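The values are calculated or read from the model by the stated rules, or taken from the named source; none is laboratory data. What you see is a predicted model, and the numbers here were worked out from it, not measured in a lab. Glycine also receives a Cβ, built like all others from the backbone with ideal geometry; neighbour counts cover every protein chain displayed. These accessible areas exclude ligands, DNA and RNA; they are computed on the full protein's heavy atoms, side chains included. Shrake-Rupley method; radii C 1.70, N 1.55, O 1.52, S 1.80 Å.
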Amino acid sequence: MVNIILHGCNGKMGRFVTVLAKEDEEVEIVAGIDQRGGEEKNYPIFRSLKECKVKADVVIDFSDASGVNELVEFCEESSIPLVLCTTGLSEIQQRKVEKFAEKVPVLQSANMSIGITVLCELLKGLGEKSIFQEYDVELIEKHHRYKKDAPSGTALLLKKAMGKEEIPIVSIRGGTIVGEHQVSFAGQDEVIEIKHTAYSRAVFARGALKAAKFLMEQKAGLYTMKNMIV
């Protein structure tokens, strides 16, 4: 049994993780953290990590960048592995995460979907070929109207996989779109489109729970979703 502290438990993603964890016999959420507080679910909820004295095997984070410093400090003091799903980290915060990962296992990903991980690998393979000399490449990403960062962390992840800084990213925000990423290769008289669509946030929650189990078997280091499919 993997005991989990869920950081950001009352957010949209936190609620999905809570539901799926109830259905998974291999994991249990033993505490939740949310600065807004809230009624207890099947576990106690604390307003900050400093208030939490519950022992756990791993922390899953679905919050925002403002809480990352405190999160890393808590995990470092407790020597507890971290599944870091928050995007928009500053360079200083990223270095802090990388330094922490030298001591304790950390899985960091801008997108917890296995499908996006597979897409990254496909695009990486294309990036190593001469296709970019013959096609105009563009990345279009769509999310719900409340998503703060643009371009999304996933879009930047896909761009990095292709290894081409000049690829433009078009960000669309509207409605309740969970997540859609499309890479278009426009050539002479033909267009190639590679697309991933997330129909529910459950896909990200499911990936986070798998990542938590994965970290239980790893040594210190900074891992990504790719390490789970290799």
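Some observations on this one:
- The charge dipole of segment 1-109, taken about its Cα centre with unit charges on the Cβ atoms of Lys, Arg (+1), Asp and Glu (-1) only, comes to about 260 debye.
- Take the Cα of LEU122, step 7 Å toward its Cβ, do the same at GLN182, and the gap between the two points is 1.4 nm.
- Computing FRET efficiency as 1/(1 + (r/R0)^6) for ILE192 and VAL19, where r is the C-beta to C-beta distance and R0 is 45 Å, gives about 0.75.
- Against the main long axis of the alpha-carbon atoms of the chain, helix 68-78 sits at an angle near 50°.
- In the context of the full protein assembly, PHE214 retains an accessible surface of approximately 40 Å², using a probe radius of 1.4 Å and ignoring ligands and nucleic acids.
- On Cα atoms only, tilt of 91-100 relative to the major axis of the chain in degrees: 60 degrees
- For segment 60-119, the set of trypsin sites (Lys or Arg not before Pro) satisfying both a DSSP loop assignment and a count of at most 10 other C-beta atoms within 10 Å is empty.
- Antiparallel content of DSSP bridges confined to the chain, in %, to 5: 40 percent
- Under 5 Å, built H, 5+ apart or other chain: amide partners of VAL170: LEU139, ILE140, GLU141
- Whole-Å distance, taken between Cα centres, linking segment 36-94 and segment 177-230: 22 Å
- Neighbourhood net charge (14 Å Cβ-Cβ; Lys/Arg +1, Asp/Glu -1) for TYR199: +3
- Dipole check for the chain: with +1 at the C-beta of Lys and Arg, -1 at the C-beta of Asp and Glu, and the Cα centre as origin, the magnitude is about 480 Debye.
- Partner lysines whose Cα lies under 22 Å from the Cα of LYS159, excluding those fewer than 8 positions away in the same chain, are identified as LYS124, LYS129, LYS142, LYS147, LYS148, LYS195, LYS226.
- Prolate/oblate/rounded call for segment 1-100, Cα gyration tensor, a/c under 1.5 rounded: prolate
- In order along segment 19-27, the Karplus-derived 3J(HN,Hα) couplings, from 6.51 cos²θ - 1.76 cosθ + 1.60 at θ = phi - 60°, round to 5, 5, 5, 5, 8, 9, 6, 8, 9 Hz, and Gly and Pro are given as x.
- Treating r as the C-beta distance of LYS53 and TYR146 and R0 as 30 Å, the FRET efficiency rounds to 0.35.
- Put ILE33, ILE192, ILE140 in order of accessible area, highest first, and with a 1.4 Å probe you get ILE192, ILE140, ILE33.
- Point-to-point label distance, LYS103-ARG173, nm (Cα→Cβ direction, 7 Å offset): 3.6 nm
- In nm, spacing of pseudo-spin labels at SER66 and GLU28 (7 Å Cα→C-beta vector): 3.4 nm
- 0 to 90° range, to nearest 10: angle between helix 153-162 axis and the chain longest Cα axis: 50 degrees
- Across segment 199-212, coupling constants 3J(HN,Hα) worked out from phi with the 6.51/-1.76/1.60 Karplus curve, θ = phi - 60°, read 8, 8, 5, 4, 5, 6, 5, 5, x, 5, 5, 5, 5, 4 Hz, and Gly and Pro carry x.
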